[in-house]
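Reviewing the structure listed below.
The values are calculated or read from the model by the stated rules, or taken from the named source; none is laboratory data. Every value quoted in this text rests on a predicted model; they were computed, and no experiment measured them. Virtual Cβ from ideal backbone geometry, glycine too; neighbours counted across all protein chains shown.
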Amino acid sequence: MMGLRRHHPTSEREASFRAMWIIAGSLFTLSGLCLTLLFTSRGDRAHELFGRSAAAPDGGVVAPASSYTAEAPIGVDPSAGVKLLDDRAFERMLGMATASARGRKMFDFTRDPPANSLQTLVNTWTEGSYSPVHRHAAYAESFVVLAGALAFFTFDAQAPHAPACHVLAPHGPLRGIVVEAREWHAMAAAPRALGYPGHAIVCETSGHTYDAAGAGAKLLAPWAPHGDGGLGGDAEHFAGLFAACPRAPAHHPHGARAARDELRPGADGAQ
């Protein structure tokens, strides 16, 4: 009879099979995604998988652009042709870092950062603030410690779980370090538990112009856990890294008295 749809059992069975295959395929895709989240949760954190995640051709994962801004130097005009690093500002800088939710503060001494091929900053670290394990594909960096002590870690890509710890301090044998492009590294204030003052004031330079978007500037190690959405290190991971660091020698001026002296306004002959 015209106008009536005939009943086709075979077609109905085929439609049921197709629906079953679609459901099975969806479940398979979902289970694969769950496994991916499970195995990346330690290093990348599951929510970051969707947020930043592109693998870098150089190796590593492209870090997100920082949401933190650098402060203007205290008592210094960054546009000046000559700028002095005066230790009379150190105590205030350390106070600002301590009050920061991040536990560190960066002060930018660079004139016209987008056009300047050398970025110069002073970073103030307090204990409990960590950098992620990272490297830079295109530029080198240098670090010189002005006060306190910095635990600086370098990693061999062939044995990333056996880092070298270099403790940099103005009164120690190691005062600074130069890290070339493509070298994995991380840092934090050397901890009080090892006899250090628990802070570090560090002059940093890096050979590049400033890009606010931070496109590809920092590559995160895929084998190390990160914190703060990829902008910081993981506290538990650093607890293990500190095991590679030497204790401060008992006779060495790293202790509380030295920490007070080096942060005292006008210390060390400041004008």
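Here are a few things to note about the model shown:
- Condition check for residue 139: hydroxyl-bearing (Ser, Thr, Tyr), under 22 Å from residue 236 (Cβ atoms) and in the same structural domain as residue 207 (by TED's automatic domain parsing): no
- Residue 122 more than 17 Å from residue 246 (Cβ to Cβ) and assigned by TED's automatic domain parsing to the domain that holds residue 89: yes
- Residue, modelled with the lowest pLDDT, within the stretch 173-210, restricted to residues that are touching a Pro at 6+ places or on another chain (Cβ under 7 Å) and surrounded by fewer than 18 Cβ atoms within 10 Å (Cβ to Cβ): 210
- Filter result (surrounded by fewer than 19 Cβ atoms within 10 Å (Cβ to Cβ) and closer than 30 Å to residue 158 by Cα) within the stretch 60-107: 64, 65, 66
- For the stretch 110-143, a residue qualifies if it is among the hydrophobic types (A, V, I, L, M, F, W, C) and surrounded by fewer than 18 Cβ atoms within 10 Å (Cβ to Cβ), and the qualifying residues are 115, 118, 137, 138, 140.
- Just one of the listed residues (229, 240) is touching a residue at least 40 places away in the same chain (Cβ under 8 Å), assigned to a helix (DSSP H, G or I) and farther than 15 Å from residue 127 by Cβ, and it is 229.
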